[in-house]
Amino acid sequence: MRHAVLGAGGVGGLLAAALSHSGYEVVALMRESTLSRYPGRFGVESQVLGSYSAEVPASAQLDRAVDVLWVAAKSTSLEAALDLAPADRVGGATVIPLLNGVDHLALLRAHYPKVVAGALRAETERIDDGQIVQRSPFVRIDIVGEPDIVRDVAATGIDCGSVDDEVTLLWQKLAFLAPLALATTAAEAPLGAIRDTDLYQRAQLETITVALAQGAEIDEGAIAQLSAAASDQMRSSMQRDLAAGHVLELDAIAGPILRGGRLHGIDTPATAALVHQVETRVRTRDEVAT
């Protein structure tokens, strides 16, 4: 199958490199400013996939027919990123977002005729214009349906599976990600420093409670296992974005929990407290920068 990957950060770069390294036709879509610095290949250092370099063609706009468009942009830049993949060029390709949160599906479905939910679990980061580092002991992608696409991804060495419940897929990831992102960013500390804190644990319980109210079937044991398997040194992408001066995905990650809580009459004080702490961190950072 022919793949395009929209977004050249840690997630998009890792996926594009893995597909290319395994012999698949793939193009990376990136902004002109990023494209001008891109060396034409991604170097990968992965706990799961090993270390290698893969040549990946790149373009500032989709310029060829593809079967799959992977969307790996940040939620904060998603609307602008879609200009790189106009609907008339995407055509009937299957669009699979690997974004954090749940609200992005509605936006994508307003642009493209075939969008299926996907979720990636991994700690991965682009450390310069062509270097991707993947630190977690797992890289997992789940997709709703699409067994042929699952086979392509699994052939790269990435653990990949097909599921049939979109709501559960997205909320199962959020139940692990949101407390991790909020608590590590609020504390400016890795997972090991916040894993046993009251706010982190209560925020996780709140997220699970909201997820269940939203109709998700949450496997609490799987969340606990994932948390236990993660390194004490694991840091969230939100935490790295704070340190780098970037806009945070705060609404994409915490918004569904807070809004879902209000919708279903579920109190979410721990999540709200962590959001407040993160917002304070952002204000302090911005004041220092000015």
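Shape call for region 245-290 from the C-alpha gyration tensor, a ≥ b ≥ c root eigenvalues: rounded (a/c under 1.5), prolate (a/b greater than b/c) or oblate? Since a/c reaches 1.5 and a/b is larger than b/c, the shape of region 245-290 is classed as prolate. Only beta bridges with both residues in the chain are counted; by DSSP, about 35 percent of them are antiparallel.
Considering only Gln277, Pro97, Leu263, the residue lying farthest towards the positive end of the dipole of the chain is Gln277, judged by Cα position with unit charges set on Cβ. The sum of -39500 (n - 2.57) across all DSSP H runs of n ≥ 4, divided by the residue count of the chain, sets its helix-only mean residue ellipticity at 222 nm to -13500 deg cm²/dmol. For region 274-290, the Karplus equation 6.51 cos²θ - 1.76 cosθ + 1.60, evaluated at θ = phi - 60°, returns couplings of 5, 4, 4, 5, 5, 4, 5, 4, 5, 4, 4, 4, 5, 5, 5, 5, 8 Hz by residue, with Gly and Pro reported as x. Take every Cα pair under 8 Å whose residues are at least 6 apart in sequence, average their separation, divide by the length of region 167-290, and the relative contact order is 36 percent. A cut-off under 12 angstrom between Cβ atoms defines the neighbours of Ala273, and their net charge, with Lys, Arg +1 and Asp, Glu -1, is -3.
Structure remark: mean-square fluctuation, Gaussian network model of the chain, C-alpha springs under 10 Å; the largest value among Gln61, Gln225, Gln214 belongs to Gln225. Working from Cα pairs under 8 Å separated by at least six residues, relative contact order for the chain is 16 percent.
For the chain, the longest principal axis of the alpha carbon atoms and the long axis of helix 166-187 meet at an angle near 60°.
The distance linking region 221-290 with region 64-84 is 24 Å (Cα centroid to Cα centroid, whole angstrom).
Using C-alpha pairs below 8 Å separated by at least 6 residues, the relative contact order for region 2-164 is 24 percent.
P(r) tail for region 14-76, what percent of Cα pairs lie past 20 Å? Considering region 14-76, 28 percent of its Cα-Cα pairs are separated by more than 20 Å.
Largest mean-square fluctuation among Thr185, Thr209, Thr197, in a Gaussian network model of the chain whose springs join Cα atoms under 10 Å apart, belongs to Thr197.
Neighbour counts of other Cβ atoms within 10 Å put Tyr24, Tyr52 in the fewest-to-most order Tyr52, Tyr24. Overall, the chain carries a charge dipole of about 360 debye about its Cα centre when +1 sits on the Cβ of Lys and Arg and -1 on the Cβ of Asp and Glu, all other atoms neutral.
Each value in this text was obtained by applying a stated rule to the coordinates, not by laboratory testing. Note that the coordinates shown come from a computational prediction; the quantities given were computed from them, not determined experimentally. Reconstructed Cβ throughout: ideal geometry from the backbone, glycine too, with neighbour counts over all protein chains shown.
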